[in-house]
Amino acid sequence: MHRSSGFLRARTTVVVAPLLAFTSACGRIRAANAPTAPRGAVAELRAAIDSMADAPEFANAHWGILIVDPESGDTLYSRNAGKLFMPASNMKILTSATILDHVGPDFRFRTTVAARGGVSEGTVMGDLLVIGRGDPSVSDHMLKDAMIPLRAIADSLAARGVRRVAGRLVADGNAFPDDVFGFGWSYDDFDFSYSAPIDELLFNEGFSVLTVRAGASVGDLVAAETRPAKTFPRLRVTATTSPPRPPGDSTRGRGRALRVRKDSTTWETIVEGQIALGDSATIEITHHDPNTAYLAALREALADRGITVDGAGTDTLARADTLVTLLSPPLREILPALMKPSQNQIAEMLYKAAGLEETGIGRADSARAVVQRQLAKWGVAAPEVVVRDGSGLSRYDYVSPRSLVRVLDAMRRSPHFTVYYDAMPIGGVDGTIRSRMRGTAAEGNVHAKTGSVAMARSLSGYVTTADRRLLIFSFLCNNWTVPVRSVERVQDAITARLASMRLR
């Protein structure tokens, strides 16, 4: 973590006003006795950025750029800082900051398992209820094996002597009562894991991994298995093994013949077609219903522990007694799993959880109201942000560079700043910028969040200069026709230049 001792002293000895007094040039406030940047260095920075953003290849692009020195209050560069841009995953900056401010880094999600009708002689006399409140951590990504917490539930029940459930396994509580998809998400993306649906119970971030292997001989049925759960989703396999690929044919996996689709009536996963002898394929399959996926995986964990579920109808009005409470890792451990890989489903879970914890209702409109109130508290003008989801996958989200800088500055002044700062991707080191800015002064220095959807690329965060000054920046670009890497090169070049600057 790169943070200067000078920056820390400024936080403890100088009262720095929040970035609320922006002028039409996008903000110039100054802390008492704070040094200002040398005019020559800033002039050279501005000329360099202008030359890149005004290049002929970006004649049709929409650039939004704001760079500030929060210690001195100087605006080092501003371009369209108050204009609206599609931020893509820079929306996660708002979502993560809001929930961290509201519940704190030690907050843990609770999932409750309760017996309706009580337990008698090792039997749950009614339904076994699973009451979720948005825990996003039951995943291979976070725990290496998403089945671990479900096995822990099974172990706890077995330790209480439970061997049988007479009733059903039921998702209860309905903490997130609205749509499982975000507002404005693209229908064409629903089969991809980054666009998987979410609900108050979420298993493995909304998808399973299917592995298909060719049979031992041509004409044999293929072997297919799923993980993390072995029994979900249900598979219907008709695919067979075709002759081996001709010499020199480098195609692998699905090739041209293997097909995987969902039956829209039963939601079984159908594996059909052919795969060449000796080949294999790995395919991600989104879950149609998140609660169903969670319960199916839990049922598997119970069965492995010798606990049967009869599924008989029972008295649904009987009292429910809590048997197990599952706690998630603390929020401080969840945020890096969200921010570094830019994980959409965790963002959406935290978004609705913010609404649930603050208002008692885990709906998207409740979450939006909570985020908007928090942004207003941080001085973000209402016309400079449009919030429609928590991840930025919606193409109806709009944010200005100035709004992002205000939020980043608010977090800089937060007692939770270290948690927030460490959760962000680090240039050349990890997350979505692990391969960017290597070999520059920004490597191992810049902590920033990317954003990426069609026609939108964003990079906003913190960078430390050569003389240990922490700067805040937001680079948003929409609507270009050059290769994406051309946009990223400009963002990387500006960031590297800031890391090399001396402002004292």
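The values are calculated or read from the model by the stated rules, or taken from the named source; none is laboratory data. Keep in mind that what you see is a predicted model, and the values were worked out from it rather than measured. Positions of Cβ are generated from backbone atoms using ideal geometry, with glycine treated the same way; all protein chains shown enter the neighbour counts.
Give the residue that is surrounded by the fewest Cβ atoms within 10 Å (Cβ to Cβ), with candidates limited to residues of the stretch 479-494 that are of a type in the set (S, T, N, Q) and out of contact with any helix residue (DSSP H, G or I) (no Cβ under 9 Å at 6 or more places or on another chain).
The selected residue is N479.
Conditions: (1) surrounded by 21 or more Cβ atoms within 10 Å (Cβ to Cβ); (2) of a type in the set (G, A, S); (3) assigned to a strand (DSSP E or B). S403 meets all but one. Number of the miss?
The number of the failed condition is (3).
Considering only the stretch 306-328, state which residues are surrounded by fewer than 16 Cβ atoms within 10 Å (Cβ to Cβ) and of a type outside the set (S, T, Y).
Residues satisfying the conditions are G306, D310, G311, A312, G313, D315, L317, A318, R319, D321, L327.
Taking the stretch 445-454 as the search range and keeping residues that are part of a loop (DSSP other than H, G, I, E, B) and out of contact with any Gly (no Cβ under 6 Å at 6 or more places or on another chain), which one is modelled with the lowest pLDDT?
A454
Within the stretch 333-343, can one find any residue that is in contact with an Asp or Glu (Cβ under 7 Å, 6 or more places away or on another chain) and under 14 Å from T98 (Cα atoms)?
No, that holds for no residue.
Go through the stretch 334-351 and give me each residue that's part of a helix (DSSP H, G or I) and either free of Cβ contacts under 8 Å to residues at least 24 places away in the same chain or of a type in the set (G, A, S) (or both). Step through it out loud before you land on a result.
Quick first cut of the stretch 334-351, residues part of a helix (DSSP H, G or I) only: 334-339, 344-351.
Once the filter is applied, which keeps residues that are part of a helix (DSSP H, G or I) and either free of Cβ contacts under 8 Å to residues at least 24 places away in the same chain or of a type in the set (G, A, S) (or both), the stretch 334-351 yields A337, A347.
Given the options G173, G161, name the one that is surrounded by fewer than 18 Cβ atoms within 10 Å (Cβ to Cβ), in the same structural domain as L129 (by TED's automatic domain parsing) and out of contact with any Cys (no Cβ under 8 Å at 6 or more places or on another chain).
Exactly one of G173, G161 is surrounded by fewer than 18 Cβ atoms within 10 Å (Cβ to Cβ), in the same structural domain as L129 (by TED's automatic domain parsing) and out of contact with any Cys (no Cβ under 8 Å at 6 or more places or on another chain), namely G161.
Filter the stretch 134-175 down to residues that are outside any loop (DSSP other than H, G, I, E, B) and of a type in the set (K, R) and give me whichever is nearest to A364 (Cα to Cα).
R151
Kindly indicate whether any position in the stretch 352-373 is part of a strand (DSSP E or B), surrounded by fewer than 24 Cβ atoms within 10 Å (Cβ to Cβ) and either free of Cβ contacts under 8 Å to residues at least 12 places away in the same chain or not assigned by TED's automatic domain parsing to the domain that holds T450 (or both).
No, the conditions are met nowhere in the stretch 352-373.
Mind checking which residues of the stretch 176-217 are without any contact (Cβ under 8 Å) to a residue 60 or more places away in the chain and either assigned to a helix (DSSP H, G or I) or under 19 Å from the mean Cα position of the chain (by Cα) (or both)?
Listed by number, the residues that qualify are F181, Y187, D188.
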